[in-house]
Amino acid sequence: MKRLLLPRWCIFVFVLLSPGARLVAANPPTPVAVASVDELRSRITAHVSQPRFASALWGVKIASLASGRTVFEHHADRLMSPASNSKLYTGALALDQLGRDYRIVTPILASTKPDAAGELHGDLVISGRGDPSWKARGTKNDFWAAFTPVVDAIAAAGVRHVTGDLVADATFFHSLPNGAGWTADDLNDDYGAEISAVTLEDNYAEVRLAPGQRVGEPITVSWLQPLAALQVDLRMTTMPKGAEKHVVAQRLFGETTVHLFGGLAIGSAPVVVEVTVPRPADWFARGLKEALAKRGIRVEGAARGVRWPEVSVASGNRVEIARVQSPPMRELVAAFMKPSQNLETDLIFGHIGELTRTNRTPEWKTTEELGVVALEGFLKKHGLRSAEVKFEEGSGLSRNNLTTANATVAVLTMMKKHAARDDFVGALPIAGVDGTLRRRMKGTAAEGNARAKTGSLRYANTISGYVTTAVGEELVFSVMLNRNSGQPANRNVREELDDIVVMLAGLTGRSEAR
């Protein structure tokens, strides 16, 4: 999901680059009261049968949590793209397999322990395990705060001087830097940042662009995060006052040059653009070396990263001198569910997969493949619809992930009875309040009521979760809309799904009264 810091009137230029986005403003769903389940069924049937959906595919399942009775279904067994509804499965898997209090442990290794003077002979190795929490963006802290846990651990181990290199070892993940099923244009945007067992700031940097003082002058460029090792090919100029702004940032995959096209008008506000950082373990190593220097810990050698299939430097006769722990899993799940953060989801999915690797696992078996096997095992363990869940990665950015409304409702129903139910439900966005639902369904009975995960790709929109009716009955739902190409220009596609959730919140009849 794009998070460009732009004036309101020009946000749409960039949102169009995001999968599934449309250049329309959302209108709040009309508050409705639905007298009975029969009326509800009639209204939803009429809604999904409108002529503009003639070429689209709907999959809908609504059930009572108390009785398990199906309230409404429409092609609930149809395999469809869930988009970021995939995160429901990863969140459930993580809380079930690892537990709410589980923390990802990152070992800090060396050839020997530091001597009495604090000198560490040889390399210092950060052996990444996919901890997504090394970031300062979105907090009141500066960039260097992202390194504080690691610096504190190294300092507490007594290290004052490293004679060798500082190495960020990301070979724990046996994966390509991009997820399976992603498209090439995803890789240029923050939601398609590289997957790495060592990450920093969700693996993208921000560049601030400001107009010059005179027409024709170059745009001023400054990086908000240092040491990303990205070069700028600036093809932007300052335009006359009042001219329409336009900014396009493009980094070709595998390259380190960011091409900036367009222009900004004199007197216009600066624009912040997000750019993915290649080989993020290298970026982390460079930043950590400088963060250590700020603490008075000197590293003589180079700062570098390694990633699979490069040879790990964490193996052999290394000694663990310290370790860093992530926040508990319940917080990590909320951190990727509320804002629908792709990288952090895939890191958790990958971590779970790699925990199943043994000496007999082929080296070429990828991290994602292991994660998919773990997900299948989780579904089978709980008697869920494993045959209807066909994933190849955990975040839902893959266009090849498929599931059914039936399967999603089954997972949601099971998790509502799970020991981690409070953490799972609490991680979901709340309509009109927070996360990806903060601006949706405001002024309706669903506001502050519905808790649901959203999903959006081009031609794929979903929403699944829980809502309480007007008479206090809790419903579980999954609403999926794919291949919708007939959307009116004045209506956002998200409204089509939200209208159904609002109907559920306004239901004044009970399902058992049918």
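Every number in this text was worked out from the coordinates using simple rules, so none of it is lab data. Source: prediction; values computed, not measured. Here Cβ is always computed from backbone atoms with ideal geometry, including for glycine, and neighbour counts include all displayed protein chains.
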- Message: Could you tell me which residue out of S315, F378, F349 lies farthest along the dipole of region 298-434 toward its positive end? Charges go on the beta carbon: Lys and Arg +1, Asp and Glu -1, centred on the Cα centre.
- Response: F378
- Item | At 0.692 mPa s and 37 °C, Stokes diffusion of region 361-505 via Kirkwood alpha-carbon radius, µm² per second | 199 µm²/s
- Query: Dividing the alpha-carbon radius of gyration of region 203-276 by 2.2 N^0.38 Å (N being the number of residues), what value is obtained?
  - Reply: 1.08
- Message: Starting from 0.36 nm per residue, how many nanometres of slack lie between V105 and T220 once their C-alpha separation is accounted for?
- Response: 37.3 nm
- About its Cα centre, how strong a charge dipole does the chain have in debye, to the nearest 20, once Lys and Arg get +1 and Asp and Glu get -1 at the Cβ? 980 debye
- Message: Could you sort the peptides 452-462, 175-185 by per-residue average Cβ neighbour count (10 Å cutoff), highest mean leading?
- Response: 452-462, 175-185
- Treat every Asp and Glu Cβ in region 140-207 as -1 and every Lys and Arg Cβ as +1, leave all other atoms uncharged, and give the resulting dipole magnitude about the Cα centre to the nearest 20 debye. 440 debye
- Query: With Cβ to Cβ distances under 13 Å as the rule, what net charge do the other residues near E447 carry (K, R +1; D, E -1)?
  - Reply: +3
- Task: Tabulate in residue order the Karplus-calculated ³J(HN,Hα) for region 375-382, using 6.51 cos²θ - 1.76 cosθ + 1.60 with θ = phi - 60°, rounded to whole Hz; enter x for Gly and Pro.
- Result: 5, 4, x, 4, 5, 5, 4, 9
- Among beta bridges assigned by DSSP with both residues in the chain, the antiparallel ones amount in percent, to the nearest 5, to 70 percent
- Item | Farthest positive-ward along region 203-276 dipole, Cα basis, beta-carbon charges - from V258, P211, L227 | P211
- Message: What is the angle, in °, between the Cα long axis of helix 493-505 and the longest principal axis of the Cα atoms in the chain? Nearest 10 is fine, range 0 to 90.
- Response: 60 degrees
- Task: Would you please state the base-10 log of I(q)/I(0) at q = 0.10, 0.15, 0.18 1/Å for region 61-158, with intensities from the Debye formula using one equal scatterer on every alpha carbon?
- Result: -0.56, -0.87, -1.06
- Query: Using 7 Å Cα-to-Cβ label points, what is the N141/A470 separation (nm, one decimal)?
  - Reply: 4.8 nm
- By how many nm would the segment from N490 to A243 lengthen if fully extended, with 0.36 nm per residue of separation less the alpha-carbon distance? 86.4 nm
- Message: Please report the projected area of region 279-337's Cα convex hull averaged over all directions, in nm².
- Response: 6.3 nm²
- Can you tell me which of 363-369, 494-500 comes out highest on packing, and rank the rest after it, using the mean Cβ neighbours within 10 Å? 494-500, 363-369
- Message: For region 186-220 and region 442-457, what is the centre-to-centre distance using only Cα atoms, to the nearest Å?
- Response: 31 Å
- Note on the structure: Taking 299-305, 407-413 and ranking on average Cβ neighbours within 10 Å, highest first, one gets 407-413, 299-305
- Query: Taking 0.36 nm per intervening residue step and subtracting the Cα-Cα distance, what contour gain separates T70 from K113 on full extension?
  - Reply: 9.3 nm
- For Q213 and V425, extending 7 Å from Cα along the Cα-Cβ vector and measuring point to point gives, in nm, a value of 6.1 nm
- Are there trypsin sites (Lys or Arg not before Pro) in region 132-192 that DSSP puts in a loop and that have at most 10 other Cβ atoms within 10 Å, and which ones? K140
- Note on the structure: In whole angstrom, the spacing between the Cα centers of region 69-140 and region 480-503 equals 33 Å
- Note on the structure: Going residue by residue through region 406-414, the Karplus relation 6.51 cos²θ - 1.76 cosθ + 1.60 with θ = phi - 60° gives ³J(HN,Hα) values, rounded to whole Hz and with x marking Gly or Pro, of 4, 5, 5, 4, 5, 5, 4, 5, 5
- Query: What dipole magnitude, in Debye to the nearest 20, does region 47-160 give about its Cα centre under +1 on Lys/Arg Cβ and -1 on Asp/Glu Cβ?
  - Reply: 540 debye
- Note on the structure: Summing -39500 (n - 2.57) over every DSSP H run of at least 4 in the chain, dividing by its residue total and rounding to the nearest 500, the 222 nm mean residue ellipticity is -7000 deg cm²/dmol
- Could you bin all the Cα-Cα distances of the chain into 10 Å bins starting at 0 and give me the percent of pairs in each, rounded to whole numbers? 4, 18, 26, 24, 17, 8, 2, 0
